[in-house]
């Protein structure tokens, strides 16, 4: 977990807390209609972790934050534009909250929601 | 409930239907108007990222939408709307771009295969557009483009129940959009903190405004506006007060004039068009707000004869004064010019230039360009406008201008122009239909495009920037920095223009001051035009003291 040393002690932020920030950011993005708690890639083991249930995976590697986001996007929007927006918003929100740089935000579009009208 | 409006209530025929080609022109106009304001909208962004540059994103989205239909002869409005929406989807950029594409998607879906749309169809399409947009987000945030879109759709639905006139409905939609944009800071605290309105919402309002300008026959493109303004400097005509405008008549003498085509164009410019004639001589008559527009158009077709321009408001006043009998409905009182402009200048010629461009009050800076805060404050208060923009036109004056604006009870903004040419560029960028913040943003951008040169005499010997100057020598400054020196005005002028990269710009303007005769100035202009044949060279009598020449390149 990212740590910040202050003169009084250490500040540790858990992966779950980071995932929370990211999730709020993702849900506020236009075009995202949900996060997916299913990830085809990681199978059963991944599905058991609580963060993953939210549709967000956070890893720390070499002191840098890597975030994977699993989303459902509204059909009829430009997916690339929505995904880019998600990347920007998540990176911005997490960096602003923690003051620690985010190395990667990977957006996995798990599905499209087709509204009844189309 | 919107009561006041600055949209003139002039008589015109109602427009009841719109087909595919009309819709196509509306999109074209919306795009052009949006492009004009792209930079200003970008300036409203609150976050460094999330939406990035809203103005640019919305322009790119609309460009893609336009590209899809620009060559289409399709008259079926439902089909062309669908094509356009598809283009918007393909080119959507950023949050606002995606939302915009969703609005168009719903709008087009509602129109379906309709040949034309009427009032009720328009209202339904707007509602569907908004509904589609809201579906694309889990927690819609109020105080954004979504809010503005909803306000517009609600107003369209309300008004469509009262009238069939599409232009009137669009006018009300534009007013609703502007109101909703103004309200966004009350809904989203971060906007209030930054002191701006929502960028996406503003972009949507601009799109609707562009469409309305097309319906009113007003220009939306950059060059058209600039041409009109340059005419203003030489002929001294100012746009008429909103409400009545000018009665314009002229004859066009030429070859192969297409009377029908001319009639169509003139009809789009204003009211009561009358165009008659034959291929060699056409008589045109029309009532417009800006006489420059029909006159420039006529001049592009042939030579003009018997040009008559009359102020209809003056005509009406005379008519009222001479008439006896029952009271006649009073014309709407013309609103004070908003925002009012205070400009600081030196020299009568320059004062005249600024006044002809619309400056309401002039403060003379004197030899040293150093008016007091008190003088600036008096100028601000002297204007009838509630909102005022101050153009200091000199680095020294900016601080005093800011102090004056803080002291005034009116809403005052200072656009930090550092020179006369910057001030002029800023004034040309002013848009009477935009609000104060938008104008400040646009004007501030405009001053960045201008480079200012000044030629004067050195008052002491000094070496700066590698240039050595003795007292009494002629020097050239570029953007307030000493760059060149020389023995003659011609030498300094040419060196200075080279420093200013004049060959990369389009227009070189010479403002000649006290002690320089008209012939001398024109001779210098000739010399400059020879060395820079690709640039336009203009000469203006500035009458400024202290600086024989002020140059601007843009």
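The values are calculated or read from the model by the stated rules, or taken from the named source; none is laboratory data. Computed from a predicted model, the values in this text were never measured in an experiment. FYI the Cβ positions are ideal-geometry reconstructions off the backbone, even for glycines, and counts take in every protein chain you see.
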Residue B:55 meets each of (1) under 23 Å from residue B:17 (Cα atoms); (2) under 28 Å from the mean Cα position of the chain (by Cα); (3) buried (at least 22 other Cβ atoms within 10 Å of the Cβ); (4) more than 12 Å from chain A (Cβ to nearest Cβ) with one exception, condition (1)
From the option list B:510, B:551, B:527, single residue qualifying as within 20 Å of residue B:478 (Cβ to Cβ), modelled with pLDDT of 85 or more and either in a helix (DSSP H, G or I) or out of contact with any strand residue (DSSP E or B) (no Cβ under 9 Å at 6 or more places or on another chain) (or both) is B:527
Residue B:90 passes all but one of the listed conditions (1) facing another protein chain (nearest Cβ under 8 Å); (2) surrounded by 24 or more Cβ atoms within 10 Å (Cβ to Cβ); the exception is number (2)
Within the range B:101-139, the count of residues that are part of a loop (DSSP other than H, G, I, E, B) and more than 9 Å from every other protein chain (Cβ to nearest Cβ) comes to 5
(1) within 13 Å of chain A (Cβ to nearest Cβ); (2) in contact with a helix residue (DSSP H, G or I) (Cβ under 6 Å, 6 or more places away or on another chain) all hold for residue B:150 apart from (1)
When the range A:73-118 is checked residue by residue, the ones that are under 13 Å from the mean Cα position of the chain (by Cα), crowded, with 19+ Cβ neighbours inside 10 Å and part of a strand (DSSP E or B) are A:102, A:105, A:107
Open item on the list: Any residue at all in the range B:357-365 that's surrounded by fewer than 18 Cβ atoms within 10 Å (Cβ to Cβ), at pLDDT 80 or above, within 14 Å of residue B:544 (Cα to Cα) and touching a helix residue (DSSP H, G or I) at 6+ places or on another chain (Cβ under 9 Å)?
Closed with: yes
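Yes/no per residue for (1) without any contact (Cβ under 8 Å) to a residue 40 or more places away in the chain; (2) more than 30 Å from residue B:43 (Cα to Cα); (3) part of a helix (DSSP H, G or I):
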residue	(1), (2), (3)
B:476	yes, yes, no
B:484	yes, yes, no
B:503	yes, no, yes
B:515	yes, yes, no
B:520	yes, yes, yes
B:534	yes, yes, no
B:544	no, yes, no
B:547	no, yes, no
Matching residues in the range B:35-71 (more than 19 Å from residue B:445 (Cβ to Cβ) and modelled with pLDDT of 90 or more) number 11
Flagged in the range B:181-219 as under 18 Å from residue B:40 (Cβ atoms) and over 21 Å from the mean Cα position of the chain (by Cα), in numbering order, are B:184, B:185, B:191, B:194, B:195
When restricted to B:212, B:257, the only residue in a loop (DSSP other than H, G, I, E, B) and modelled with pLDDT of 85 or more is B:257
When every residue in the range A:88-111 that is more than 20 Å from residue A:17 (Cβ to Cβ) and out of contact with any helix residue (DSSP H, G or I) (no Cβ under 8 Å at 6 or more places or on another chain) is compared, the one farthest from the other protein chains (Cβ to nearest Cβ) is A:108
Out of (1) in a helix (DSSP H, G or I); (2) free of Cβ contacts under 8 Å to residues at least 60 places away in the same chain; (3) under 12 Å from residue B:341 (Cβ atoms), the one residue B:374 does not meet is (3)
